[in-house]
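Heads up, the thing below is written out as structure tokens.
Bear in mind these aren't lab numbers, they're just calculated from the coordinates by the rules spelled out. Nothing here was measured: the structure is a model prediction, and the numbers come from that model. Here the Cβ positions follow ideal geometry from the backbone for every residue, glycine too, while neighbour counts run over all protein chains shown.
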Amino acid sequence: MKHSWLRYGLGIAIFAFIVGGPFAYSRYRQAKYRNFRVVEEGRLYRSGQMSLSALQRTIEEYNIRTVISLRYAERDGDLPPDWQEEEFCTARGIRFVRIRPREWHDLGQGFVPADQPVAEFLKVMDDRTTYPALIHCFAGMHRTGSFCSIYRMEYQRWSNADAMAELKALGYKNLDKEEDVQSYLENYVPRWRRSQR
């Protein structure tokens, strides 16, 4: 009787370890690495805002030379929410680029404000010394996903539909309700296609 309870308890402990171990590791990794993914090996990686220790490991493991942040201060003069990351990168000789996303539709001024940060992003990505680069926002799904869609269309010649399908698959669940972003990406014409016209 005593042995059967021991075996039963041991069985439960083993089951909990087998099932709970990977779950606990997944939660830990998500908390530290925040949606880290490879966009193109050796060129571009994406994530949400990582802890500084996770960022350091990522920089070392993937030889990151440039960190592109899509986070910004809400008011002029305030520190951006990831200011410690900027100091961390600067102190280690890692190029840090801050790009502030703008509205994805014309506000009645005859231009789309998002064209400016997209142009900044393309200028950074056109520079071969940028690579490998890591791009992130807070969660690593919406702003980061949109810029990675543009990367797919510009540098990997993905179709708009394929780039947007990946965007949704990687967490941008409400894209259909955000008509400004959806329209911008649906109608985005990469430079290589413009040159063929």
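Phi angles across the stretch 187-194 convert, under the Karplus curve 6.51 cos²θ - 1.76 cosθ + 1.60 with θ = phi - 60°, into 3J(HN,Hα) values of 9, 5, 10, x, 4, 5, 6, 4 Hz, Gly and Pro given as x. Assuming charge only on the beta carbon of Lys and Arg (+1) and of Asp and Glu (-1), the dipole of the stretch 33-194 about its Cα centre is about 440 debye to the nearest 20. Neighbours of Arg71, meaning other residues whose beta-carbon lies under 11 angstrom from its beta-carbon, give a summed charge of -1 when Lys and Arg score +1 and Asp and Glu score -1.
Highest mean packing first, where packing is the average number of other Cβ atoms within 10 Å per residue, the peptides 63-70, 47-54, 130-137 line up as 130-137, 63-70, 47-54. Across all directions, the average projected area of the convex hull around the alpha carbons of the stretch 33-194 is 9.7 nm². Extension gain, Ala169 to Asn187, is 4.5 nm, computed as 0.36 nm per intervening residue step minus the present C-alpha separation.
Counted by neighbouring Cβ atoms within 10 Å, the residues His142, His105 run from fewest to most as His105, His142.
Can you give the net charge of the other residues whose Cβ lies under 10 Å from the Cβ of Thr130, counting K and R as +1 and D and E as -1? Net of charged neighbours comes to +3.
Antiparallel beta bridges, as assigned by DSSP with both residues in the stretch 33-194, represent about 20 percent of the total such bridges. Scalar couplings 3J(HN,Hα) for the stretch 142-156, obtained by applying the Karplus form with A = 6.51, B = -1.76, C = 1.60 to θ = phi - 60°, are 8, 4, 4, x, 5, 5, 5, 4, 5, 4, 4, 6, 6, 9, 10 Hz; x denotes Gly and Pro.
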